[in-house]
Amino acid sequence: MTSASAPSAQSAACPPQELPAVDVAIVGAGIVGLSLACALRNSGLAIALIEATPYRREQTKGQAYALHQVSRHFFEGIGVWNQLAPHVQPFEVVQLSDGRFPLTVRFYPEDLGTEAIGYVGEHAAIAETLQSVLQSVANVTVYCPWRVVSNEVKGDRAQLTLISGDPAKPKMAHLAARLVVAADGGKSPLRQQMGIEPKGWPYGQSCVVATLQVTHPQPVIAYERFWPTGPMGVLPLPGNRYRVVWTLPHPEAEAVADLDDRAFLAKLQPYLDPQMAEITGVSDRFVFPTQLMQVSSYVADRFVVIGDAAHRCHPVGGQGLNLGLRDVWALAQQILATPCERLGDRRQLIRFHRQRWWQNALTLAFTDSLNRLFSNAWWPLVAVRRCGLWLLRTFPPFKRLVLRFMAGLLLPLPPS
């Protein structure tokens, strides 16, 4: 999203338009923001969904996500899973391995007592499905492209100042809301305006992501392979495709992404599991830096921050979007349980912060430790992690415990 800035002199000369007041203003119409709007669509509350950038499929860079069972439960609970299910790929096996060490660990649906371990969906397919759900919803108004340039609390309302339209002839508007939710991504201009500072650190790694066209394997397997340079996730997609998330040191990631298709596949092939199906094509490559980030507080006066705007973790284990959807689930339940006149009351919001902050911190610490343990060639750590793989393979209760944690089912879930 575009960074927030002061209104231009030209826009300031035009009288601001007063938009109809709402109960909840959601800033950011990515998957997290769309999911919150869907969760509140039958609430009777007036919802505004504000997005600065018109959606274009090419902007998603082919992003794909592993959706854990807890995310399926959430989507079922808000009544959109049946629409999403045709657009996601269930996976029946997760295979975990450490480089070329011959011992592998496999997780199966029976370890969770479910029909699949998880699902993989592309950003474009998930976002477009959620957008279609909102098209005929009377209580959700979408403002796009509108950019939030300020947020000021005035009594029992927050007042957002927005700019819309042609950058050469911008229009200004005011929007009053009882509660403002920032779901505008890791660099969240709105979070920065509110003075909520992120804490954390960048990793010396970036992810090279690409989509591989393959002959269809049986069963459908998701691979997590650990290398000293960083973990590699290989996720099955619909249409005989796999999404590769290959973690490498920054300079190496940039160099690998710039290779032509033939050279890229030649470089990639030794890192893939030997049993993977034959690769018949590869997409463009994109590079994303990795980092750990969490804000100290998720709430302020009439303000909540969720999803990547509140926390970011290493992609190992595919936790990122799932954490954001758990934020949405918990926040939606609290909004629905709060009398309308008390929406935005900080004393109410602090319960959301207390519930979600520690759960997210636990997962962030887990992914950070996992990356540090496996992205390492120091022999004592190599011995420790290979003992860990042996324990997972040898003791089914331990394996089920780890899988339930990774699937989001071990921590307390928001009430239905």
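The values are calculated or read from the model by the stated rules, or taken from the named source; none is laboratory data. It should be emphasised that the depicted structure is a prediction, and the values quoted were computed from it without experimental measurement. No Cβ is skipped: glycine too gets one built from the backbone with ideal geometry, and neighbour counts run over all protein chains shown. Remember, those area values only see protein heavy atoms, side chains included, never the ligands or the DNA or RNA. Shrake-Rupley method; radii C 1.70, N 1.55, O 1.52, S 1.80 Å.
Calculate the length of the line joining the C-alpha centroid of the range 41-119 to that of the range 162-224, in whole Å.
Answer, in whole Å: 17.
Considering only protein heavy atoms, what per residue accessible area in square angstrom results for the chain with a 1.4 angstrom probe?
Details: 17880 Å² over 416 residues.
Ligands and nucleic acids excluded, the figure is 43 Å² per residue.
Per the helix-only calculation at 222 nm, which mean residue ellipticity applies to the chain, given -39500 (n - 2.57) for every DSSP H run of n ≥ 4 and division by its residues, nearest 500 deg cm²/dmol?
-10000 deg cm²/dmol
How large is log10 I(q)/I(0) at q = 0.06, 0.07, 0.10, 0.13 Å⁻¹ when the Debye formula is applied to the Cα atoms of the chain, each weighted equally and without solvent?
Those come out to -0.25, -0.35, -0.70, -1.14, one per q.
For the chain, modelled as a Gaussian network with Cα springs under 10 Å, which listed residue fluctuates most, 288, 352, 107?
288
Based on the alpha-carbon gyration tensor of the range 132-238 and its eigenvalue square roots a ≥ b ≥ c, which shape applies: rounded if a/c is under 1.5, prolate if not and a/b is larger than b/c, or oblate?
Details: a/c = 2.73, a/b = 1.84, b/c = 1.48.
The shape class here is prolate.
If packing is taken as the mean number of other Cβ atoms within 10 Å per residue, what is the order of 41-50, 22-31, 372-381, highest first?
On the way: 41-50: 20.2, 22-31: 25.9, 372-381: 13.3.
The most tightly packed comes first, giving 22-31, 41-50, 372-381.
When the Karplus curve 6.51 cos²θ - 1.76 cosθ + 1.60 is applied with θ = phi - 60°, which whole-Hz ³J(HN,Hα) does each residue of the range 131-139 get, with x for Gly and Pro?
Result, ordered by residue: 4, 5, 4, 7, 4, 10, 8, 6, 8 Hz.
Roughly what % antiparallel, to the nearest 5, for the DSSP beta bridges in the chain? Don't skip to the answer; put the middle values down first.
Numbers: 63 of 87 bridges.
Given both bridge residues lie in the chain, the antiparallel proportion sits at roughly 70 percent.
Quick query: amide H of residue 338 versus all other amide H atoms, modeled in the peptide plane; which residues come in under 5 Å with a sequence gap of 5 or more or a different chain?
none
Would you pull out the residues with amide H under 5 Å of residue 282's amide H, same chain only if 5 or more places away, H placed 1.01 Å from N?
For residue 282, whose amide H was placed from the backbone, the distant partners under 5 Å are 213.
Assuming R0 = 41 Å, can you tell me the calculated FRET efficiency for the pair residue 384 and residue 297, based on Cβ-Cβ distance, to the nearest 0.05? All intermediate terms of the calculation are to be shown ahead of the outcome.
Details: r = 35 Å, r/R0 = 0.86.
According to the calculation, E is roughly 0.70.
Probe radius 1.4 Å, ligands and nucleic acids ignored: give me the carbon and sulfur share of the accessible area of the chain as a rounded percent. All intermediate terms of the calculation are to be shown ahead of the outcome.
Working: 9950 of 17880 Å².
Within the chain, the accessible surface is 56 percent carbon and sulfur.
Shape verdict for the range 31-97, please, from the Cα gyration tensor: rounded (a/c under 1.5), prolate (a/b greater than b/c) or oblate.
Taking the square roots of the gyration eigenvalues as a ≥ b ≥ c, the range 31-97 is oblate.
Could you order the peptides 249-261, 85-97 from most to least packed, using the average number of other C-beta atoms within 10 Å per residue?
Numbers: 249-261: 14.7, 85-97: 18.5.
The peptides rank, most packed first, as 85-97, 249-261.
Just add up the charged neighbours of residue 259: K/R +1, D/E -1, any other residue whose Cβ is under 10 Å from the Cβ of residue 259. Intermediate results must be reported in sequence, preceding the final value.
Values: positive: 262, 267, 285; negative: 258, 260, 261.
Spelling it out: positives minus negatives among the neighbours equals 0.
Between residue 398 and residue 83, with labels modelled 7 Å along Cα→Cβ, what's the label distance in nm to one decimal, could you check?
The modelled label-to-label distance comes out at 4.5 nm.
Using amide H atoms built in the peptide plane, which far-off residues or other-chain residues are under 5 Å from residue 220 H to H?
92
May I ask for the distance between the Cα centers of the range 294-343 and the range 228-260, given as a whole number of Å?
About 29 Å separates the Cα centre of the range 294-343 from the one of the range 228-260.
I need the phi-derived Karplus couplings for the range 80-89: 6.51 cos²θ - 1.76 cosθ + 1.60, θ = phi - 60°, integer Hz, Gly and Pro marked x.
10, 4, 4, 6, 7, 3, x, 9, 10, 9
Can you run the Rg to Rh ratio on the range 39-160? Use alpha carbon positions and the Kirkwood inverse-distance Rh.
Details: Rg = 19.4 Å, Rh = 17.7 Å.
A ratio of 1.10.
What does the charge add up to near residue 195, with Lys and Arg as +1, Asp and Glu as -1, over the other residues with Cβ less than 13 Å from its Cβ?
Around residue 195, the surrounding residues sum to -2.
Report the extension gain between residue 260 and residue 55 in nm, rounded to one decimal, defined as 0.36 nm multiplied by the number of residues separating them, less their alpha carbon distance.
Details: separation 205, 0.36 × 205 = 73.80 nm, distance 2.89 nm.
Here the segment from residue 260 to residue 55 would lengthen by 70.9 nm.
What's the local net charge at residue 406, with K and R +1, D and E -1, over the other residues with C-beta under 12 Å away? Intermediate results must be reported in sequence, preceding the final value.
Details: positive: 399, 400, 404; negative: 111, 224.
So the environment of residue 406 carries a net charge of +1.
With label points built 7 Å along Cα→Cβ from the Cα atoms of residue 169 and residue 391, find their separation and express it in nm.
It works out to 6.7 nm between the two label points.
Would you work out if the range 371-414 is rounded, prolate or oblate? Take a ≥ b ≥ c from the square roots of the eigenvalues of the alpha-carbon gyration tensor; rounded if a/c is under 1.5, else prolate when a/b is larger than b/c, oblate otherwise. Kindly include the intermediate steps, with their values, before the conclusion.
Numbers: a/c = 4.70, a/b = 1.73, b/c = 2.71.
Verdict is oblate for the range 371-414.
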